[in-house]
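First the structure, in the form of structure tokens, and then the observations on it.
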Amino acid sequence: MLYLGLVAAFIASIILTPIVKRIAFRVGAVDQPNYRKVHARIMPRLGGLAIFCAFLIGYIIARPEDPAVLPILIGTAIIVATGVLDDMLEITAKAKLAGQLLAAAIVVTWGGLQIEFINLPFGGQVDFGYLSIPLTIIWIVGITNAVNLIDGLDGLAAGVSTIAMITLAGMAYIMGDMFVLVMAGLLVASTLGFLFYNFHPAKIFMGDTGALFLGFIISVLALMGFKNVTAVALIIPIIMLGVPISDTFFAIVRRLREKQPLSAADKSHLHHCLLRAGFSHRQTVLIIYGIAALFGLAALLFSQATVWGAILLITVMLIVIELFVEVIGLAGKNYRPLLNLLRPDRKVTGKN
């Protein structure tokens, strides 16, 4: 039934996306061009609804079992409803956050998905106690919004999410977690079908419906395989989601340095920086796909490494990420502490 579910989800996504596109125009769920947007014409943005419906069709056929499956499905329904409302009516940021918090709270409290403790690599244990619930909710909401932030180019969020889910499926296979494996596989099939219409030049956007749904379900499934484990293993989902997490982290750094509100919108995200560097729309998306794939490979290697090997891998990754960020200006054009350290004779001044 698994293979039938995967095929059904893929075909359903291909069939449903054009239908959702027509619905989006009828209900006014469209994205208007503006100074922050890359596209130059009105685009339907309810595509995530097709991904969600295709996923549900695949789920009904495959029927993966887990005690937390009902809370997860209810949580995803709430997050999708929140996205649909935003795509149609452009609801406030507080209303969107309320929907995300409600969906996360259902999964954490009813579904029992909580990071209760971690075992330290060199002995000892950290028990989070009463903080386990808020910490888990913060993780889910944080990843949900991180995926939403990278949804700025045709096929970008869908492709990066697909790569993260393929990595997650691989990790689930290694760990023998069939529920996460099947759910991740269904998401991959549903999103790949949508990518036929969403890759550049896109005919439809996934909108907040898709970005919030994918971010939410990825954050939940990632935690299911790695909660209550070692501190080293808990880093695996962070590496796996390296593109949205690092883009969000350096957006915060950038706004703090420039003394702007954390919620302020700008055109300095990863895809904006690559476009300014001279890459085309399609090249930029493919480059970020490659970066996401490297993060996925690093997560798989990390899972099989010794403690010291994992520490070495993380150290190398952090240095490479920092250099890349400084070169493309992701944290601001004058943010180059490591480059200045390596080349003290060519320090960047505020005039550059």
>> Being within 21 Å of LEU156 (Cβ to Cβ), modelled with pLDDT of 90 or more and among the β-branched types (Val, Ile, Thr) is true for just one of ILE42, ILE14, ILE60, ILE23. Which residue is that?
In response: ILE14
> Out of (1) within 23 Å of LEU192 (Cα to Cα); (2) surrounded by fewer than 19 Cβ atoms within 10 Å (Cβ to Cβ); (3) modelled with pLDDT of 95 or more, what's the single condition that is false for ILE74?
Replying inline: (1)
> Given the residues ALA277, ALA251, ALA264, which is the only one that is surrounded by fewer than 15 Cβ atoms within 10 Å (Cβ to Cβ), of a type in the set (A, V, I, L, M, F, W, C) and modelled with pLDDT of 80 or more?
Replying inline: ALA277
>> Looking at the range 261-304 only, could you name the residues that are outside any helix (DSSP H, G or I) and either in contact with a Leu (Cβ under 6 Å, 6 or more places away or on another chain) or among the hydroxyl-bearing types (Ser, Thr, Tyr) (or both)?
In response: SER263, SER268, SER280
> Mind checking which pairs have a first residue in the range 299-312 that is more than 17 Å from ALA172 (Cα to Cα) and a second that is not in a helix (DSSP H, G or I), Cβ under 6 Å, 6 or more apart or different chains?
Replying inline: VAL307/PRO121
>> Could you check the range 206-231 and list, in sequence order, the residues that are modelled with pLDDT of 90 or more, hydrophobic (A, V, I, L, M, F, W, C) and over 17 Å from ALA184 (Cβ atoms)?
In response: MET206, ALA211, LEU212
> (1) out of contact with any helix residue (DSSP H, G or I) (no Cβ under 6 Å at 6 or more places or on another chain); (2) touching a residue at least 12 places away in the same chain (Cβ under 8 Å): which one isn't true of PHE52, the others all being true?
Replying inline: (1)
> Can you name the residue in the range 315-336 that is among the aliphatic types (A, V, I, L, M) and touching a helix residue (DSSP H, G or I) at 6+ places or on another chain (Cβ under 7 Å) and is also modelled with the lowest pLDDT among such residues?
Replying inline: ALA331
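A quick yes/no check of all residues on (1) out of contact with any helix residue (DSSP H, G or I) (no Cβ under 7 Å at 6 or more places or on another chain); (2) free of Cβ contacts under 8 Å to residues at least 60 places away in the same chain; (3) more than 27 Å from LEU73 (Cβ to Cβ):
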position: GLN100; (1), (2), (3): no, no, no
position: ALA103; (1), (2), (3): no, no, no
position: VAL108; (1), (2), (3): no, yes, no
position: TYR130; (1), (2), (3): yes, yes, yes
position: PRO134; (1), (2), (3): yes, yes, no
position: ASN148; (1), (2), (3): no, no, no
position: GLY152; (1), (2), (3): no, no, yes
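The values are calculated or read from the model by the stated rules, or taken from the named source; none is laboratory data. Predicted model, so just to flag it, every value in this text is computed and none were measured. Methodologically, a virtual Cβ is constructed for each residue, glycine included, from the backbone with ideal geometry; neighbour enumeration extends over all protein chains shown.
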